[in-house]
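Right, one structure below, let's go through it.
The values are calculated or read from the model by the stated rules, or taken from the named source; none is laboratory data. Remember, predicted model here, so these are calculated numbers, not experimental data. For neighbour counting, all protein chains shown are included, and Cβ atoms are generated from backbone atoms with ideal geometry for every residue, glycine included.
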Amino acid sequence: MAIYFTNHQNKYKLKNKRKISNWIKEVSSNYEKEIGHITIIFSNDAYILEINKQYLNHNYFTDIITFDYSHERKIEGDIFISLDTVLENSKIYDVSFNNELLRVIIHGILHLLGFKDKEELDKTIMRENENKCLELFSTKYE
């Protein structure tokens, strides 16, 4: 199927869409899953807060919200990313905006692959998998 990148309320133009799509497909394959229909929506803090309140009853900003529609061997879903928070976090963690954005994108994909991050152990496992996926990107797709 396909991976779609779109914008909501901003004019961000993602570079290397093809490389990022191929990376996501390889990551999915490495976890023995196929890609279904995935939409990655770039937005701002206000829109993410609206979604967080409306669908999750959370009244706070976040960098990513993932709606998982996956089934059996195929991952599908909508991934909303706040570019405002990605930029803020890139400064906090002293990494480039692009590196932080890749981490957030793959974080959403890992959620679609079944990884959780509510408990401390799950957060550690999620971070280890993010790092592994980012290493793959830097060695093969940059």
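Residue pairs, Cβ under 9 Å, 6 or more apart or interchain, first in the range 1-29 and without any contact (Cβ under 8 Å) to a residue 40 or more places away in the chain, second of a type in the set (A, V, I, L, M, F, W, C) and part of a loop (DSSP other than H, G, I, E, B). List them.
F5/L14; N7/L14
Quick one: is I41 in contact with a Ser or Thr (Cβ under 7 Å, 6 or more places away or on another chain), assigned to a helix (DSSP H, G or I) and surrounded by 13 or more Cβ atoms within 10 Å (Cβ to Cβ)?
The answer is no for I41.
Would you be able to tell me the number of residues in the range 55-85 that are of a type in the set (A, V, I, L, M, F, W, C), within 16 Å of L14 (Cβ to Cβ) and under 11 Å from the mean Cα position of the chain (by Cα)?
Residues in the range 55-85 being of a type in the set (A, V, I, L, M, F, W, C), within 16 Å of L14 (Cβ to Cβ) and under 11 Å from the mean Cα position of the chain (by Cα): 4 in total.
Which condition number in (1) of a type in the set (K, R); (2) under 28 Å from S29 (Cα atoms); (3) modelled with pLDDT of 95 or more is the one that R73 fails?
The one condition R73 does not meet is (3).
Go through I48, I92, I75 for me and flag whichever is closer than 19 Å to I3 by Cβ and aliphatic (A, V, I, L, M).
Among I48, I92, I75, only I75 is closer than 19 Å to I3 by Cβ and aliphatic (A, V, I, L, M).
How many residues, within the range 10-38, are within 20 Å of L136 (Cα to Cα) and either touching a Pro at 6+ places or on another chain (Cβ under 8 Å) or assigned to a loop (DSSP other than H, G, I, E, B) (or both)?
6
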